[in-house]
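Some notes on the structure that comes next.
The values are calculated or read from the model by the stated rules, or taken from the named source; none is laboratory data. Everything quoted here is computed from the prediction, not taken from an experiment. Quick reminder, even Gly has a Cβ in these numbers, built from the backbone with ideal geometry, and neighbours come from all protein chains shown.
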Number of protein chains: 2
Amino acid sequence: MAETSREIRLASRPDGGPRPEDFELAEVPVPEPGEGEILVRNEYLSVDPYMRGRMRDVKSYVPSFEVGKVMDGGAVGQVVASNGGGFEEGSWVQGLQGWREHYVSNGDGLFPVDPDVAPVSTALGVLGMPGLTAWVGVTDIGQAKEGETMFVSGAAGAVGSTAGQIARLKGLRVVGSAGTPEKVEWLTGELGFDAAFNYRDGDLPSQLREHCPKGIDVYFDNVGGDHLSAALARMRVHGRIALCGAVSQYNQEAPPPGPDNFVSVLVNRLNIRGYIILDHYDRIGAFLAEVGPWVTSGELKYRETIVEGIENMPEAFIGLLRGDNVGKMLIRV
Amino acid sequence: MAETSREIRLASRPDGGPRPEDFELAEVPVPEPGEGEILVRNEYLSVDPYMRGRMRDVKSYVPSFEVGKVMDGGAVGQVVASNGGGFEEGSWVQGLQGWREHYVSNGDGLFPVDPDVAPVSTALGVLGMPGLTAWVGVTDIGQAKEGETMFVSGAAGAVGSTAGQIARLKGLRVVGSAGTPEKVEWLTGELGFDAAFNYRDGDLPSQLREHCPKGIDVYFDNVGGDHLSAALARMRVHGRIALCGAVSQYNQEAPPPGPDNFVSVLVNRLNIRGYIILDHYDRIGAFLAEVGPWVTSGELKYRETIVEGIENMPEAFIGLLRGDNVGKMLIRV
């Protein structure tokens, strides 16, 4: 076992897009588990857009990161020493002590991961928080119904790609937007989207008009900003908008202007609902029951963008906010 | 009986606020009811903000008025001649053939009005479309719960004043905004609002902070624009916004900018829902069952601004959009 463990600390709060120097790679001794504790060595660290919000010093639904302290986030690791805590040596666990190589825990807040069901990395992706986020957004928030049209922005991301496939498997027509030709090809090819387009190729309103000629019943919004404005102009009467994220705005320090076309909410009797997956963990059983078999059978596909080495986490995170990933972005420690 | 009947026609489509010359007062012969028809003489004509939208030549949820043709809207009148049609001479009916003194009908789309239950004018107000709009917005859309705080903008209007009282009677703390000191006094005095303020007196965000120190659970929006932006900044987690109207924007020809603070929808997991009362007429029985007794007992108060003479309808309508009315605005023919 290594004598030292590396971790990533917040060096400074970014102003706009995070830069590498906003992070610090530090070495600490590997901690010793006490009585009733386990030592976990992380294998996969989750790289998520919501972490950008936590770099701000403002009150939000999750606590801010503190300057000079180790950051955290989702991670899957293996128990390498156990003095209790409910986990045997060699077992796999999922928890929220990411951005570091090792940690000690008494087991609180950790969930077991069964490596025989699916690769352990899926506990951070299609069968974890992003998958649950996608499923809740399509079903509970978006109230998607067979025969309707769903548009999903940021469709090649971990949440978007899963949301689109869930809607397709439920019998909707699914249209996605992404930022590279390769992503667009992946959506309409392997993932079976009915249509997809590169939002950098033309103006959004025309692209949406072309690909959603009959309008949009459900808009699954990962992007916000101009995507939301363009979608509002195409919504059908009684449409629903699931506000899942606003990645276009995470690097903006000033509040962005609100969506144009807001009058559409009134005229078309729309329902816009923002949600945060922490409020919906009671749905995890129903989610796994429906989505688990689709993953096992291969009907629902996922992709991971895996970056090797904890030292590359800041670069991977910056890339995520730029849209470099396809599917779930992970660090392999 | 008069030999001629007066009616108001759309002379031209306004650009910005309507002017008197956008309307034309015309005289036509009193129509003769045929077999199976009735002749109705209108007594009260309803003056409503949504009529502004119908003066535009754009597709919306109700058809546009046509230039040179008589306009229409809600009205209560008395049957003055009957050859059938399901209504006796002397009975009172409510329908959508307003903006005129007389009309002929086969009875389709007309509802009986019982003058013994309440003054017949209430069929256009507290026990009619505005009352139903208020009740549906508070209960079905706003999901108002005892102990919560509701903020209602345009609170001295026909819908707003009823919505606020319904919420008060359901055990909410109710705060209203209006545009004159007299209206504010009426809200906190006779109507029993917990607080009210004149939005012209200071900046909205500060006024809302003062009067809703713990935030807003339900925002009943009749105004849109800066009221919506200010409310978004004060919404509590899991708050609901019922978008009922946007009177601040009806006279604007260009689409107004969207609300600031839109990120609040995501962070606070808000639910924003636009609605139009035509979709909710199936709730009229439940509405009358709950609200009727409150009106009879005097627990729920209403006020009418009555302008005499059909020739004054354009001026009354222009005044309505300016906020001249307290409670329901009506024309007595």
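Within the stretch B:51-97, being touching a residue at least 60 places away in the same chain (Cβ under 8 Å), in a loop (DSSP other than H, G, I, E, B) and either more than 14 Å from chain A (Cβ to nearest Cβ) or closer than 19 Å to B:Asp15 by Cβ (or both) holds for B:Lys69, B:Met71. Please determine whether any residue of the stretch B:13-23 is modelled with pLDDT of 90 or more, surrounded by 13 or more Cβ atoms within 10 Å (Cβ to Cβ) and touching a His at 6+ places or on another chain (Cβ under 8 Å). There is no residue in the stretch B:13-23 that is modelled with pLDDT of 90 or more, surrounded by 13 or more Cβ atoms within 10 Å (Cβ to Cβ) and touching a His at 6+ places or on another chain (Cβ under 8 Å). B:Cys212: farther than 30 Å from B:Leu124 by Cβ and either in contact (Cβ under 8 Å) with a residue 60 or more places away in the chain or of a type in the set (Asp, Glu) (or both), yes or no? Criteria met by B:Cys212. Taking the numbered list (1) assigned by TED's automatic domain parsing to the domain that holds B:Cys244; (2) surrounded by fewer than 22 Cβ atoms within 10 Å (Cβ to Cβ) in turn, B:Phe262 passes all entries but (2). Being over 18 Å from B:Asn325 (Cβ atoms) and either among the polar types (S, T, N, Q) or touching a Leu at 6+ places or on another chain (Cβ under 7 Å) (or both) is a property that B:Thr149 has. Sort out which residues of the stretch B:174-183 are surrounded by fewer than 19 Cβ atoms within 10 Å (Cβ to Cβ) and in a strand (DSSP E or B), and write them in order of number. Within the stretch B:174-183, no residue meets the criteria. Residue count for the stretch A:272-292 satisfying the condition of being charged (D, E, K, R), more than 15 Å from A:Ala163 (Cβ to Cβ) and either more than 7 Å from chain B (Cβ to nearest Cβ) or touching a residue at least 12 places away in the same chain (Cβ under 8 Å) (or both): 1.
Within the group B:Val28, B:Val93, B:Val62, which residue is exposed (fewer than 15 other Cβ atoms within 10 Å of the Cβ), within 21 Å of the chain's Cα centre (by Cα) and assigned by TED's automatic domain parsing to the domain that holds B:Met313?
Testing whether each residue is exposed (fewer than 15 other Cβ atoms within 10 Å of the Cβ), within 21 Å of the chain's Cα centre (by Cα) and assigned by TED's automatic domain parsing to the domain that holds B:Met313 leaves just B:Val62.
Of the residues making up the stretch B:11-22, not a single one is assigned to a strand (DSSP E or B) and touching a helix residue (DSSP H, G or I) at 6+ places or on another chain (Cβ under 7 Å). When each of B:Asp108, B:Asp140, B:Asp116 is tested for being among the charged types (D, E, K, R), surrounded by fewer than 20 Cβ atoms within 10 Å (Cβ to Cβ) and under 19 Å from the mean Cα position of the chain (by Cα), the lone residue that passes is B:Asp140.
For (1) touching a Lys or Arg at 6+ places or on another chain (Cβ under 7 Å); (2) within 15 Å of B:Val159 (Cβ to Cβ), each residue gets a yes or a no:
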residue	(1), (2)
B:Arg269	no, no
B:Gly274	yes, yes
B:Leu288	no, no
B:Val307	no, no
B:Gly319	no, no
B:Arg322	no, no
B:Asn325	no, yes
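When B:Arg269, B:Arg209, B:Arg173 are screened for being over 21 Å from the mean Cα position of the chain (by Cα) and within 14 Å of chain A (Cβ to nearest Cβ), only B:Arg269 passes.
Per the conditions (1) closer than 14 Å to B:Val76 by Cα; (2) touching a residue at least 60 places away in the same chain (Cβ under 8 Å); (3) in a loop (DSSP other than H, G, I, E, B), the sole criterion not satisfied by B:Tyr103 is (3).
Here is a yes/no grid of residues against (1) among the polar types (S, T, N, Q); (2) within 13 Å of chain B (Cβ to nearest Cβ); (3) without any contact (Cβ under 8 Å) to a residue 24 or more places away in the chain; (4) surrounded by fewer than 17 Cβ atoms within 10 Å (Cβ to Cβ):
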| residue | (1), (2), (3), (4) |
| --- | --- |
| A:Asn198 | yes, no, yes, yes |
| A:Gly224 | no, yes, no, no |
| A:Arg234 | no, no, no, no |
| A:Cys244 | no, yes, no, no |
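Matching residues to (1) assigned by TED's automatic domain parsing to the domain that holds A:Arg240; (2) touching a strand residue (DSSP E or B) at 6+ places or on another chain (Cβ under 6 Å); (3) within 20 Å of A:Ile306 (Cβ to Cβ); (4) outside any helix (DSSP H, G or I):
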{"residue": "A:Thr139", "(1), (2), (3), (4)": "yes, no, no, no"}
{"residue": "A:Gln143", "(1), (2), (3), (4)": "yes, yes, no, yes"}
{"residue": "A:Gly147", "(1), (2), (3), (4)": "yes, no, no, yes"}
{"residue": "A:Val159", "(1), (2), (3), (4)": "yes, no, yes, no"}
{"residue": "A:Gln165", "(1), (2), (3), (4)": "yes, no, no, no"}
{"residue": "A:Glu185", "(1), (2), (3), (4)": "yes, no, no, no"}
